[in-house]
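Student: One structure coming up, written as structure tokens, with questions to follow.
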Amino acid sequence: MTVTTRRNFKGHRALIVCAAEKDRAVLTQFLLELGVTPVVHESHDETESHRPFDLVFFDDELGRQFGGITRMIDSVQGPAIALIGSDAPSSVNWFIERRVCGYLTKPLRKAGILASLIIAYQTFNASYETEQKLHRLEQQVRARQVVCTAAIRLIEDMDISVNDAFALLRSASMSRRLSLEDFAAMIVSGEIAVAALKEDADTVHRLRETRLNRYL
Amino acid sequence: MNSRIPVGILFSTQGPYATVGRSMRDGAMLALEEVNQDKRFPFELVPIECEPAGDNAAYSTHVRSLLRHEGVKHVIGCYTSSSRKEVIPIFEKYDGLLWYPSHYEGFETNNNVIYTGAVQNQHVLPLMDYVLTHITSDVYFIGSNYVWAWENGRIIRELSKAHGGEIIAERYLQVGDLDVARIIEEIHEKRPAFIMNMLIGESSYAFYRAFAKARDENPALQNTVVGSCTLCEPELAQIGSQACAGHLASSVYFSTIETEVNKQFVASYRQRFGHEALPSADAEASYNTVHLLALALAGANSVDIDQVKKALHRTSFQAPQGRVHVDPDSNHSYLTVRLGISREDATFQVILEANAPVRPDPYLVWAEVCGAGSAQPAAPIAQNSIGLRVVR
């Protein structure tokens, strides 16, 4: 499988929360070489820029000092890369809670920073897509009861089979450019009367007959 | 091997942890003088002292100078984890060996570092074992806001929970912050049976003084015990006699250890540094470290760090605390665990002592899961499995 990864980060803004000046300097210099604008967090009193950050590099030495800094790290809607100074589990757990997508070990060197960026973006994007998909699937599961209720109403009111009821929901929602779940909710709420779907039901019935005749 | 071997001595005798730094430097220098007077050693250790004054960047500068320009291969030094981590890459680059005498939070090993101070299973685990058995499983936790307190706080939290207890509160102060009023107010309100103090330096002294006052004002706090893994004799003197008594401490060394070797050590220390001076665990660790270095140099007949390490793993030192030797698997040290109660005269009464030196476990690999029939948490919890005997 060939993986296509992002390798150009020009124009992105990176927040840097890091205690050691030497590490900040290494990171800042290299990010500039990549076309990334680094913004170093100097003080917990610093007012936040209005422009959002695309990613954040942070350690726990500075990141854990004040609640405001931790909240700032958590607010970045983009890859979070840990700058790890200690293998102590308490530190590692804190980074995990920040949902990091990658890490570098301190003291920082240029080697590894680009790789960590590529991996972090890849991980963040894959995670974001998975979360979106999960959200959609969860919505569908929640809507399942409504869809079933709508199908039962069609079965009872129109005296049609289960298969025909679901086929009717699918085709009628598609022709009205509605999601199946939204369409079912409109039937259940009475916004769409079952009687108004007679023509759609006839169409479904004709299509089924046509397919059956083809096999005979 | 040259008969004059330069050795770096890298402790901050000025700055935020000067008290501890001076203690460590004094222990190292005492040992160095003893080694140089000992006819068994065919060399003289030449100390090159450096003063980083608590500044991490200065540690780097000094180490680079020692290894590159002064012909040094072995440096005894560092106290904080941040200073140690700062200089390790330089030791790696220039093939030097850092001899690190301080207790710390563990979870590290490095081929260019010999660790002669206590790790978690030699300080916080024995202390918590005692507290959970004899005092309570609910802990009020205070610490300085950095990895030493974070990591020990994690261990204490897991142990407390495994024993059906809880962390009553977990409060952090910035290093050097003296404002303990809010903490004391909360202690008045919550009346914990046990307070784990992981504050360092002046913050800790301020807390002990404020807590003594609180205890005088509030009878409900009379039986509250404050525990520590760093409290030592020089700090008791700094805290003051009004506030330094009755606290529980976990340490591999106390100045009141009743062995001939320790009595001689204390006498030598006082002769060298003043009649009122008392060695601490940090001083003893540095003292042991220099002796171990000398024995290893003699055994290797070389300053080459690989040769020295091989020789080190074959030797041991009869230290004031008991026999000390370095584990070849981790380059950490077998040390004798003890618990003590502080006294008004800035000494400790030793109340419990391990039967034998305890193997270091910097990654808590061999620590057992807490049992006693309670529900086992998903992650392995460290438990002290050494035998502790009561000291009469």
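Student: Could you run the Debye sum over the Cα atoms of the range A:13-111, one equal point scatterer each and no solvent, and tell me log10 of I(q)/I(0) at q = 0.18, 0.23 Å⁻¹, two decimals?
Tutor: Calculated log10 I(q)/I(0) at the listed q: -0.78, -1.34.
Student: If you don't mind, there's one more thing I want to ask. Straight-line reach from A:Lys22: which lysines have a Cα under 29 Å away, not including same-chain ones fewer than 8 places off?
Tutor: Within the straight-line cut-off, A:Lys22 pairs with A:Lys10, A:Lys106, A:Lys110, B:Lys73, B:Lys85, B:Lys93.
Student: So, one more: With a 1.4 Å probe and every protein chain left in place, tell me how much accessible area A:Thr70 has, in Å² to the nearest 10.
Tutor: 20 Å²
Student: Could you pull out every one of the lysines with an alpha carbon less than 24 Å from that of B:Lys213, ignoring same-chain neighbours closer than 8 positions?
Tutor: B:Lys190
Student: In a GNM of chain B with a 10 Å cut-off on Cα contacts, which of B:Pro16, B:Pro320, B:Pro279 has the highest mean-square fluctuation?
Tutor: B:Pro16
Student: Right, something else. Residue farthest toward the positive end of the dipole of the range B:238-361, with Cβ of Lys/Arg at +1 and Asp/Glu at -1: which of B:Ala354, B:Val261, B:Leu248?
Tutor: Of the options given, the answer is B:Val261.
Student: Can you pull the mean other chain C-beta count within 10 Å for peptide B:139-151?
Tutor: 3
Student: Quick check for you: which residues of the range B:69-111 have the amide N under 12 Å from the point 7 Å beyond the Cα of B:Tyr363 toward its beta carbon?
Tutor: B:107-110
Student: Taking every pair of alpha-carbon atoms in the range B:1-60, give the share separated by more than 14 Å as a whole percent.
Tutor: Result: 59 percent of Cα pairs exceed 14 Å.
Student: Given a cut-off of 22 Å, what percent of all Cα-Cα pairs of the range A:134-215 lie beyond it?
Tutor: 23 percent
Student: Let me ask something else about it. Report, largest value first, the span of the C-alpha coordinates of chain A along each principal axis, in whole Å.
Tutor: The Cα atoms of chain A stretch 78, 38, 34 Å along their principal axes.
Student: Also: Under 5 Å between amide H atoms, partner at least 5 residues away or on a different chain: which partners does B:Ile48 have, H built in plane at 1.01 Å?
Tutor: Under 5 Å from the amide H of B:Ile48 lie the amide H atoms of B:Val7, B:Gly8, B:Ile9, each far enough along the sequence or on another chain.
Student: Can you give the longest stretch of chain B with no exposed loop site, where a site means GluC sites (Glu not before Pro) in a DSSP loop (not H, G, I, E or B) with at most 16 other C-beta atoms within 10 Å?
Tutor: Counting at most 16 other Cβ atoms within 10 Å as exposed, the longest clean stretch of chain B is B:71-165.
Student: Between A:Gln132 and A:Leu178, what's the calculated FRET efficiency when r is the beta-carbon distance and R0 is 25 Å? Round to 0.05.
Tutor: So the FRET efficiency works out to roughly 0.75.
Student: Shifting gears a bit: Give me the log10 of I(q) over I(0) for chain B at q = 0.06, 0.15 Å⁻¹, as the Debye formula computes it from C-alpha points; what are the numbers?
Tutor: One equal scatterer on each Cα of chain B leads to -0.22, -1.38.
Student: Count, for each residue of A:80-89, the Cβ atoms from other chains sitting within 10 Å of its Cβ, then give me the mean as a whole number.
Tutor: Mean number of neighbouring Cβ atoms from other chains: 5.
Student: Beyond 34 Å, how much of the Cα-Cα pair distribution for the protein assembly as shown remains, as a whole percent?
Tutor: The answer is 54 percent, as a whole percent.
Student: Let me ask something else. Considering only DSSP states other than H, G, I, E and B, which trypsin sites (Lys or Arg not before Pro) in the range A:128-201 qualify as loop sites with at most 15 other Cβ atoms within 10 Å?
Tutor: For trypsin sites (Lys or Arg not before Pro) across the range A:128-201 that sit outside H, G, I, E and B with at most 15 neighbouring Cβ atoms in 10 Å, the list reads A:Arg176, A:Arg177.
Student: Pull up the cross-link candidates among the aspartates and glutamates for B:Lys310, meaning alpha carbon to alpha carbon under 16 Å and not fewer than 8 places away within one chain.
Tutor: The qualifying aspartates and glutamates are B:Asp95, B:Asp327, B:Asp329.
Student: For the range A:46-112, state which GluC sites (Glu not before Pro) are in a DSSP loop and have at most 16 other beta carbons lying within 10 Å of their beta carbon.
Tutor: A:Glu46, A:Glu48
Student: Return the inverse of the average 1/r over all pairs of distinct C-alpha atoms in the range B:90-145, which is the Kirkwood hydrodynamic radius, in Å to one decimal.
Tutor: Hydrodynamic radius (Kirkwood, Cα only) of the range B:90-145 equals 13.8 Å.
Student: Go ahead and estimate [θ] at 222 nm for chain A from helices alone: -39,500 (n - 2.57) per DSSP H run with n ≥ 4, summed, over the residue count, rounded to 500.
Tutor: Theoretical 222 nm ellipticity from helices: -18500 deg cm²/dmol.
Student: May I ask you to compute the full-extension gain from B:Lys310 to B:Glu344, defined as 0.36 nm times their residue separation minus their alpha-carbon distance, rounded to one decimal in nm?
Tutor: Full extension from B:Lys310 to B:Glu344 adds 7.8 nm.
Student: Sticking with the crude label model, points 7 Å out along Cα→Cβ, report the distance from A:Val141 to A:Ser189 in nm, one decimal please.
Tutor: It works out to 2.4 nm between the two label points.
The values are calculated or read from the model by the stated rules, or taken from the named source; none is laboratory data. The shown structure was predicted, so the numbers you read here are calculated from the model rather than taken from an experiment. Glycine also receives a Cβ, built like all others from the backbone with ideal geometry; neighbour counts cover every protein chain displayed. Accessible surface is based on the protein model in full, side chains and every heavy atom, while ligands, DNA and RNA are left aside. Shrake-Rupley method; radii C 1.70, N 1.55, O 1.52, S 1.80 Å.
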